[in-house]
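The values are calculated or read from the model by the stated rules, or taken from the named source; none is laboratory data. It should be emphasised that the depicted structure is a prediction, and the values quoted were computed from it without experimental measurement. A quick note on method: Cβ atoms are made from the backbone with ideal geometry, for glycine too, and the neighbour counts reach across all protein chains shown. Just so you know, the surface numbers come from the protein's heavy atoms only, side chains and all, with ligands and any DNA or RNA stripped out. Shrake-Rupley method; radii C 1.70, N 1.55, O 1.52, S 1.80 Å.
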Amino acid sequence: AGSAPTDISADGCSHTSCEGITPSLFLLGNTGAGKSCIINILAGRPFYRTERGNAAVLGEQVPGSRIASDESSASETDKVSTHLLKTYDPNEPELMLIDPPGSLDTSGGLVELRNAIGIGMAMRACGPMRVGVVIPENDIMDNNKGEGFVRLAKTLSALFPAENGSFGAAKNMLLIINTKAERTADEQMDEKMQLLLKKLTSIKSARAHDKNVGSFIRAVLDQVRICGKDAIVHFLMYEAQEANGEASKQLLGSYDPAYPPQKSPVRLLCFRKEEMIDRILQLPTIRDPANSCALPLSDTARQALTSMLRGSGDDCGDGGKIGVREMVKFSCERRDVHALARLLQ
């Protein structure tokens, strides 16, 4: 069963899982990476594609999805969305999928602050949590030194800090590479994995001066070495087959200009969702997310926050004041999240 985008209440609990007992998968990624698409795939929504490359979901979608072939910097998920997934695993029969706003929305510091509040409140609503990190393949394999991946690495390092300087949630994370491509033979998949690891190593070397990026990539490579590549990396690929006549008729008979009438068949895209669910359930959980995580604020967001606070401070509601210095280590705890929320009201 799906659910509408969840409003997180004042005490940080979602209306769908107020006690936070159900284990969760927290999906993170840059804006437009495909987090909501992952939820639709895991929810069993059928995906179709026409010859022009446009993808569509027939039937009810899990809210917040961007099902399109274009890359847009604007997030279509501007509040936390959830979906309760039936896993059919006897030990964990249900898993709450959580899709927060885009981690790095390009609309400016204040929008990023708003998104950070949504992430913080969602963390407070989570029970035992695993992390799915969604990354478009081009963000790693492109020729601009992996800038999209670097931005994400900085955000994740801020969200999951660790005392020893390494990425704090590596063992709880599945790296989902959104390839937007058809599945290849096993030997080609091995070559694809080796190329990915080689590219990550190259990005780490090029960013030797950036501690956060280096820590994140080092943690990923260490987990691959310790647990095996399949335990931490999942290539999201599909197997295409001809859609049935009714699905083709629905798509090709629509008035949507993205799906004009054509003679070529519509393809049904089949993803191996059970394989992805198995990998997710094999990950260890973060037992207390709100106390383990900090808010992922970039330098731009911190500058916006500093401007708002300069010379004033904010009343915390419990007799204390929060100033610029304390904001540097903002956590997902209730006091910090509520102070940020009041600043933006």
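One table, with the values for the structure above:
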{"read-out": "Residue 285 vs. criteria modelled with pLDDT of 70 or more, open to solvent by less than 60 Å² (accessible area, probe 1.4 Å) and over 26 Å from the mean Cα position of the chain (by Cα)", "value": "no"}
{"read-out": "Condition met for residue 242 (closer than 30 Å to residue 124 by Cα, at pLDDT 70 or above, surrounded by fewer than 15 Cβ atoms within 10 Å (Cβ to Cβ) and of a type outside the set (Lys, Arg))", "value": "no"}
{"read-out": "Residue list for segment 177-208, restricted to those being in a loop (DSSP other than H, G, I, E, B), out of contact with any Asp or Glu (no Cβ under 7 Å at 6 or more places or on another chain) and not aliphatic (A, V, I, L, M)", "value": "184, 207"}
{"read-out": "Whichever residue in segment 162-201 is at pLDDT below 80, of a type outside the set (A, V, I, L, M) and over 18 Å from residue 224 (Cα atoms) and, among such residues, is least open to solvent (accessible area, probe 1.4 Å)", "value": "165"}
{"read-out": "Close pairs from segment 156-176: first within 19 Å of residue 100 (Cα to Cα) and assigned to a loop (DSSP other than H, G, I, E, B), partner modelled with pLDDT of 85 or more and of a type in the set (S, T, N, Q), Cβ under 8 Å, at least 6 apart", "value": "none"}
{"read-out": "Breaking point among (1) within 22 Å of residue 337 (Cα to Cα); (2) modelled with pLDDT under 80, for residue 144", "value": "(1)"}
{"read-out": "Of all residues in segment 101-112 being part of a helix (DSSP H, G or I) and open to solvent by less than 30 Å² (accessible area, probe 1.4 Å), the one that is modelled with the lowest pLDDT", "value": "109"}
{"read-out": "Counted residues, segment 263-301 - those being under 30 Å from residue 335 (Cβ atoms) and without any contact (Cβ under 8 Å) to a residue 60 or more places away in the chain", "value": "3"}
{"read-out": "Given (1) buried (at least 22 other Cβ atoms within 10 Å of the Cβ); (2) modelled with pLDDT under 60; (3) over 16 Å from the mean Cα position of the chain (by Cα), index of the condition residue 75 fails", "value": "(3)"}
{"read-out": "Matching residues in segment 295-345 - criterion: being outside any helix (DSSP H, G or I), modelled with pLDDT of 65 or more and open to solvent by less than 40 Å² (accessible area, probe 1.4 Å)", "value": "295, 296, 297, 298, 330, 331, 332"}
{"read-out": "Search result, residues across segment 204-219 that are surrounded by fewer than 20 Cβ atoms within 10 Å (Cβ to Cβ) and closer than 19 Å to residue 172 by Cβ", "value": "212, 218"}
{"read-out": "Count of residues meeting criterion [in a loop (DSSP other than H, G, I, E, B) and either hydroxyl-bearing (Ser, Thr, Tyr) or buried (at least 21 other Cβ atoms within 10 Å of the Cβ) (or both)] in segment 113-151", "value": "2"}
{"read-out": "Filtered residues of segment 149-160 (kept if more than 13 Å from the chain's Cα centre (by Cα) and more than 19 Å from residue 209 (Cβ to Cβ))", "value": "160"}
{"read-out": "Single residue of segment 228-239 satisfying the filter (over 11 Å from residue 193 (Cα atoms) and touching a residue at least 40 places away in the same chain (Cβ under 8 Å)) that is most open to solvent (accessible area, probe 1.4 Å)", "value": "239"}
